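The values are calculated or read from the model by the stated rules, or taken from the named source; none is laboratory data. Quick caveat: nothing in here was measured; it's all calculated off a predicted structure. Ideal geometry is used to build each Cβ from the backbone, glycine not excepted, and the neighbour counts take in all protein chains shown.
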Amino acid sequence: MALPETMSGFQLTRHGGPETLVWSDDIPVRKPGAGEVLVRVKAAGVNNTDVNTRIGWYSSAVTNSTADVDPNAEIEDGGWSGALPFPLIQGGDLCGEIVALGADVRDANNFEIGMRVTSPTVQAIPTPEAPTKFVTLGSEYDGAFAQYCTLPADQVFDVSNSPLSDQEIAALPCAFGTAMGLLTRAQVSAGDRVLITGASGGVGMAAVQLAKLRGAEITGIASPAKQADVLAAGANDVIARGDIPQAQSYNVVIDLVGGEDWPHFINALKPSGRYAVSGAIAGPIVAADLRTIYLNDLTLLGSTYQAKEVFAELVELINQGQIKPLISKTYPLSDIATAQEDFLSKQYPGKLVLIPPQ
């Protein structure tokens, strides 16, 4: 079929509030070059990172929670890797259909027109000098908040045979990819007692499901209104936010919130316990008693980089139907401001998903 010259979608024009996302029906469709594929976006997930990038929260100059960032602050280095290439199409989560192939892609990757695909949000491009180097879809280059998205072929995975819907697959890459990375870094295995903060959110519920598949015993932290959803995802127990976890009770803490409760998460670890973090929505600046860390031989792990084999393992679970995200609500892409407002309200468990014009 003939490809359109232009498409509809949102472009982020600068850091700030929702008004910085500008709708356009005249965004050029970038044709795939060598080693690339063009994907028609069928669904795109809503994530913390979309909001964090929009408001510039990744800047080291920002020290408070996402909710407390001044939308009028002048921030120049608010992306994952510093300054962003405005205008930028955000969106790190997608399920789509291949509509065009760049040079040599078909023979090298067995891709076909019409194949249903997804892609990791955090895309590993390691080098000997930088073994954890990556780029982020919707940050370093244009993402899924438009009708089409051009992707590196080596970052595209076939999900044609998955029993999950397009919307469900679009809810997986960022949340479940992040969770898979955290559990892999923390070496979660059968018999581990695992405490998961923010367990009712997209990444938190993903971590619950994936830790359950590994045979762990899981305690989630969630508000009372969402605790039933966390238990349904596979948690053995749920405690309320603000409750102090029992000291030295867990082998692993998977932390997605940070903030003032952080010392309690560290205290909750058994000797030789592992703490892995991939979010700080409640605040990135925390206080620690170093004696608790070194006297108990604790291991602290940051987790952003995801090796390609980690996402490939996740894709196997997607294609086998062994995981299933909770989607609370879907929206037309044009209603992104409402979707992000609902997301920030934290009234919905699991994921919210956007549907571009088809």
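Of all residues in the stretch 103-132, those that are in a strand (DSSP E or B) have Cβ atoms under 7 Å from Cβ atoms of residues that are loosely packed, with under 15 Cβ neighbours inside 10 Å, 6 or more apart or on another chain, in 116/160.
In the stretch 159-179, the count of residues that are touching a helix residue (DSSP H, G or I) at 6+ places or on another chain (Cβ under 6 Å), among the aromatic types (Phe, Trp, Tyr), buried (at least 19 other Cβ atoms within 10 Å of the Cβ) and at pLDDT 95 or above is one or more.
Of the set (1) more than 20 Å from residue 149 (Cα to Cα); (2) in contact (Cβ under 8 Å) with a residue 24 or more places away in the chain; (3) buried (at least 17 other Cβ atoms within 10 Å of the Cβ), all apply to residue 313 but (3).
Please specify each residue of the stretch 189-202 satisfying the condition of being buried (at least 24 other Cβ atoms within 10 Å of the Cβ) and either of a type in the set (Val, Ile, Thr) or assigned to a loop (DSSP other than H, G, I, E, B) (or both).
Taking the stretch 189-202 as the starting set, the residues that turn out to be buried (at least 24 other Cβ atoms within 10 Å of the Cβ) are 194-202.
Within the stretch 189-202, 194, 196, 197, 198, 199, 200 meet the criteria.
Considering (1) part of a loop (DSSP other than H, G, I, E, B); (2) without any contact (Cβ under 8 Å) to a residue 60 or more places away in the chain, the lone condition that residue 144 does not fulfil carries the number (2). Looking only at residues of the stretch 279-310 that are out of contact with any Pro (no Cβ under 9 Å at 6 or more places or on another chain) and assigned to a loop (DSSP other than H, G, I, E, B), we find that the one that is farthest from residue 132 (Cα to Cα) is 282. With respect to the conditions (1) modelled with pLDDT of 95 or more; (2) closer than 21 Å to residue 180 by Cβ, residue 334 falls short on a single one, namely (2).
Of everything in the stretch 43-67 that is without any contact (Cβ under 8 Å) to a residue 40 or more places away in the chain and of a type in the set (S, T, N, Q), the residue that is surrounded by the fewest Cβ atoms within 10 Å (Cβ to Cβ) is 60.
Please tell me if residue 288 is at pLDDT below 95, surrounded by fewer than 17 Cβ atoms within 10 Å (Cβ to Cβ) and either touching a helix residue (DSSP H, G or I) at 6+ places or on another chain (Cβ under 6 Å) or small (Gly, Ala, Ser) (or both). Explain how you work it out, then say what you get.
Working: at pLDDT below 95: yes; surrounded by fewer than 17 Cβ atoms within 10 Å (Cβ to Cβ): yes; either touching a helix residue (DSSP H, G or I) at 6+ places or on another chain (Cβ under 6 Å) or small (Gly, Ala, Ser) (or both): yes.
Answer is yes for this residue.
Number of residues in the stretch 204-228 that are surrounded by 24 or more Cβ atoms within 10 Å (Cβ to Cβ), without any contact (Cβ under 8 Å) to a residue 40 or more places away in the chain and either in a helix (DSSP H, G or I) or of a type in the set (Lys, Arg) (or both) equals 1. Screening the candidates 76, 36, 112 for the property of being within 24 Å of residue 278 (Cα to Cα), over 22 Å from the mean Cα position of the chain (by Cα), of a type outside the set (A, V, I, L, M, F, W, C) and in the same structural domain as residue 343 (by TED's automatic domain parsing) yields one hit, 76.
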